[in-house]
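The values are calculated or read from the model by the stated rules, or taken from the named source; none is laboratory data. All values derive from a computational prediction rather than experimental measurement. With ideal geometry, Cβ positions are generated from the backbone for all residues, glycine too; neighbour counts draw on all protein chains shown. Keep in mind that these areas ignore ligands, DNA and RNA; they rest on the heavy atoms of the full protein, side chains included. Shrake-Rupley method; radii C 1.70, N 1.55, O 1.52, S 1.80 Å.
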Amino acid sequence: MMGSLLPFQDLNLLPESSSAVAAMAATTTTAAVSAAATATTTPDIPLKVPKLEPKHEPFEETLQNPYQQQQQQQQTLQFLPQLRESTQEQPFFSSLPNSSPSLSPNPVSDSLQLTPYVPFTDQTLVAFSQNSGDESNVYSEFHRISELFKTAFSSNGDGDSQVFDPDSRAIVPFSEENNQVEVAPIVVSRKRVPPRSAELVRVTNLGIEDETYFRNVVRRTRMVFDSLRVLSTAEEVRKHGVGNARRLRGDLRASSLMRDRELWLNRDKRIVGSIPGVYVGDLFFFRMELCVVGLHGQVQAGIDYVPASQSSNGEPIATSVIVSGGYEDDEDAGDVVIYTGHGGQDKFNKQCAHQKLEGGNLALERSMHYGIEVRVIRGIKHPGSVASKVYVYDGLYRIMDCWFDVGKSGFGVYKYKLVRIDGQSEMGSTILRYAASLRAKPLTVRPAGYLSLDISAQKESLPVLLFNDIDTDQEPLFYDYLVRTVFPPFAYHQSGTGTGCECNGGCTDDCLCAMKNGGELAYDHNGILLRGKPLVFECGPFCRCPPQCRNRVTQNGMKSRLEVFRSRETGWGVRSLDLIQAGAFICEYTGVILTREQAHIVSMNGDSLVYPHRFSDRWAEWGELSQIYDDYVRPSYPAVPPLDFAIDVSKMRNVACYMTHSSTPNVMVQFVLYDHNNLMFPHLMLFAMENIPPLRELSLDYGVAEEVSPKLSICN
């Protein structure tokens, strides 16, 4: 009730200076001042406005001493009737600019004067006790107890100790001479990232070297994003547990770190048309990754455009759209899309209001007017996705028509007819649906061309198909399929005594196997390789953990359905019918292990040999975060000695032998040990370096360029 009678404004909500407050009061009370001029002249009582200063730690308010409380209570009770009458008719502040605020025209006594804060000391207490009535005994007793405390805690016991701060509420006196004053930590403001450019450009006529360069830039950027995302998610699981962890959004953490390091691509220019280094059919798991590579700059909105305020001609221009079925009036026929504008939807994606020709809707209409094409990204629900959807880049479309129509819910919506430009690669969304049909009914989808539905003869956990619709070559059928690498017997005998972990329910980051890997397990709970290492130790036959242990990934076999196919460019190649996530295990590169002497003899017969030491160290690129962390060091433990053996694939081999060579591969070799501890003979396990869409060819970097690749001699 007191608040309604005393109209004081909250000064913490007014960061302006005293002069600004006075000016504001003068502006709002001109009428009151003119009315006061005709009233009886009374002396002005100046109102002192306290200076606003930021509060520092600790967050404590200064206690008011009893003398001040007593004085203010008496003054409030004395002048409450006059204040009630004045506040009903006149505003509180009524002062002119550059003058002291006063409480006029209310005829109050001169005794109502706002005074500065007076510290509570012994002198004020004595003065107050002399002039007060019955309450003087109370404060005398308070003074007596205070003196007792000073005497009791003095250094010499005679009460002559010095009190350093009478207003400090400490019982024991405190001196700052022999103690360091604790200073609040300095809060470093976040680095300001420059906004996206509004300059529209179109990139054309790229040569082969330019295309290779930009593709490599995009590839490495996406690899950093995926590595950060996997590591951030694993860290959250490590802190909170698998079942107790909150919704993990490693993509947000990864994109934030990359933006702070200015690693987002294409922010200095707003590209119209194709993004250099991004191919039709490229697949993304998160919307944030689209922002990182510059394919679509909006985190939630489906239309990315240059606003009119930033456009050179004052008109908005659209650059890309996402078609994900979020609007009930959308019609998607692949090459032709009837796209609904944005706006007017409720939380259930139902149209509840008319759309307006503004923002992204106007930008699409202006792009149609100027003949500017837009990029189309489709959001599709996919069972192999890390998130709820996958986003596939399907190429460039032109906006051919725009009209206002009544939607299914009865509200007006803007519709746009998008037609795909000819001469582009096949849409990635079409390939996803085609691969799903192949997984279910391969002979129905492709009646001709299959030479075998499983060249492994059920030795693998999933069938390996063989397809050739080009010629009559059936070479892969002439070899024995080898699931595991064949090591010489002495590799097991020279591996030392068998040791293993004692984890009954599954390995953790503090078990023996984790210590062998440098203090952490190499995989997350989904079997994704956290970072590349010179060597990975998996749980072996001497470990007590179950077969489902998170540290038994490669030894449990393939998780993706692979297909060996005949290609006009590379001879034989390998592709997957499933979506492969970056960091996921694919298969082992198998064969018969030969020593140096054996390899020399076999090579004279012209047989095909593979030398593991010639494979490039592509494992170091997965998890390489030197652009994020200045103190990043390439993993060097566990160390692997120089490998001095060869793999004979002339008689027995598996699907990995048909992978093509590439200087920008999407598959890497990771050395792994699990069935023995001989560092001289590790397994060659293959992992994905990036998100690999279905039916995209898998490639390896076989290393030495001056020698003929063993894969080429096999397949060609």
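Sort H493, H613 by accessible area with a 1.4 Å probe, largest first.
The ordering from most to least exposed comes out as H493, H613.
In nm, to one decimal, how far is the modelled label at N205 from the one at H493, with both set 7 Å along Cα→Cβ?
About 7.0 nm separates the two model spin labels.
Which GluC sites (Glu not before Pro) from region 353-457 combine a DSSP loop assignment with at most 11 other Cβ atoms within 10 Å?
When the GluC sites (Glu not before Pro) of region 353-457 are filtered for loop state and at most 11 Cβ neighbours within 10 Å, nothing remains.
For a quick protection proxy, order the peptides 616-629, 294-307 by their average other-Cβ count within 10 Å, most packed first.
Sorting 616-629, 294-307 by mean packing, highest first, produces 294-307, 616-629.
Can you tell me, using C-alpha contacts under 8 Å and at least 6 residues apart, the relative contact order of region 441-700 as a whole percent?
25 percent.
Over the alpha-carbon set of region 558-692, work out the extent along each principal axis and list the three values in angstrom, largest first.
Sorted from largest, the Cα extents of region 558-692 read 51, 37, 28 Å.
Counting only the heavy atoms of the protein chains, how much of I275 is accessible to a 1.4 Å probe, in Å² to the nearest 10?
Here the residue's solvent-accessible area equals roughly 10 Å².
Compute, for S409, the solvent-accessible surface of its heavy atoms (probe 1.4 Å) with the complete set of protein chains present, and express it in square angstrom to the nearest 10.
50 Å²
Near the amide H of I271, under 5 Å away, which other amide H atoms are found, from residues 5 or more places off or on another chain, if H is placed in the peptide plane?
Answer set, sorted by chain and number: V201.
Please list 3J(HN,Hα) in residue order for region 670-678, calculated via the Karplus relation 6.51 cos²θ - 1.76 cosθ + 1.60 where θ = phi - 60°; whole Hz, with x for glycine and proline.
Once θ is set to phi - 60°, the couplings for region 670-678 become 10, 6, 9, 10, 8, 8, 7, 10, 7 Hz.
Add +1 for every Lys or Arg and -1 for every Asp or Glu among the other residues with Cβ under 13 Å from the Cβ of N605, and state the total.
Once all neighbours under 13 Å are counted, the net charge is -1.
For q = 0.09, 0.11 Å⁻¹, what log10 I(q)/I(0) does region 200-439 give under the Debye formula with an equal point scatterer on each alpha carbon and no solvent?
Reported log10 I(q)/I(0), two decimals: -0.42, -0.62.
Mind ranking F214, F537, F687 by accessible surface for me, highest first, 1.4 Å probe?
Listed by decreasing accessible area, they come as F214, F537, F687.
How big is the Rg/Rh ratio for region 327-425, C-alpha atoms only, Rh by Kirkwood, two decimals?
Rg divided by Rh gives 0.99.
I need the GluC sites (Glu not before Pro) found in region 199-295, filtered to DSSP loop residues with at most 14 other beta carbons within 10 Å of theirs.
Filter output for region 199-295: E199, E262.
What number do you get for region 441-700 when its Cα radius of gyration is normalised by 2.2 N^0.38 Å, N = residues?
Scaled against compact globular proteins, the figure is 1.03.
Run the 1.4 Å probe and let me know the accessible area of K516, rounded to the nearest 10 Å².
Taking all protein chains as shown, K516 has close to 50 Å².
Distance in nm between label sites at A440 and E262, each 7 Å beyond Cα in the beta-carbon direction?
About 5.0 nm, to one decimal.
Packing-wise, with mean Cβ within 10 Å as the measure, how do 322-328, 649-655 rank, highest first?
Top of the packing list down: 649-655, 322-328.
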